[in-house]
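Taking it in order: structure first as structure tokens, then the write-up.
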Amino acid sequence: MKPMSLYLFAKASFAVLKDAIGHFSRDDGFAMASHVALSGLLAIFPLLIFIASLAGFFGMVGAADTVSELVFDAWPKTVAAPVVREIENVLTVPRSDLLTFGAVAALWFASNGVEALRTALNRAYRQVEKRSFILLRIQSLALVILGAVILLAYTFLVVLAPLGIEALRGFVPQVETFLLSINIARYTLAGSLLIVGLFMTH
């Protein structure tokens, strides 16, 4: 690289870095990051309570515990262990009615995490929100419901379905012939659900 080209590259890089740091500072980047992180963390608990209610409504006993394990699987064990323990204490309460006050309240509070993310993204992209509060909250509630349904479906297809297939093999040994096709179908469907959910969220 020629000295002049190197100088122009360094100058452009410095300008981009200066602009990025300036925008981050003017848009309260650290405050927004803390807001999203804390709101997201606090939204996990009501989300799992709502998933427990949804799982109980569909008769998927134990599915909420499995979802909880999937959510916290990537966390450091020393951090996740006390959180998971408290969540399991909450999820041991039988929940068979979806439209209880607790489930509705959990759904509402879980949607606060989506609203926090919306606020931060609007600030980052310099967008002024002009839509009504009701429309925005309905959208956030729909996203939480969508996420809960996808998590339950993913849990059923990836974690619980193999147990059912194994039990079925004991009664119907002929299912062994179709096992590969069943596994391909369920993994394809599980992956498709995640991709569709991601696109719908965007």
Filtered residues of the range 130-142 (kept if among the hydroxyl-bearing types (Ser, Thr, Tyr) and part of a helix (DSSP H, G or I)): 140
Near pairs, Cβ below 8 angstrom, 6+ apart or cross-chain, from the range 145-162 (of a type in the set (Ser, Thr, Tyr)) to any residue that is surrounded by fewer than 16 Cβ atoms within 10 Å (Cβ to Cβ): 154/70; 154/194; 155/70
Those helices (runs of 4 or more DSSP H) lying entirely in the range 36-129 with at least 3 residues in contact with a Pro (Cβ under 9 Å, 6 or more places away or on another chain) and modelled with pLDDT of 65 or more: 101-124
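The values are calculated or read from the model by the stated rules, or taken from the named source; none is laboratory data. A quick note: this is a predicted structure, and the numbers were derived from the prediction, not measured. As a convention, Cβ positions derive from the backbone with ideal geometry for all residues, glycine included, and neighbour counts pool all protein chains shown.
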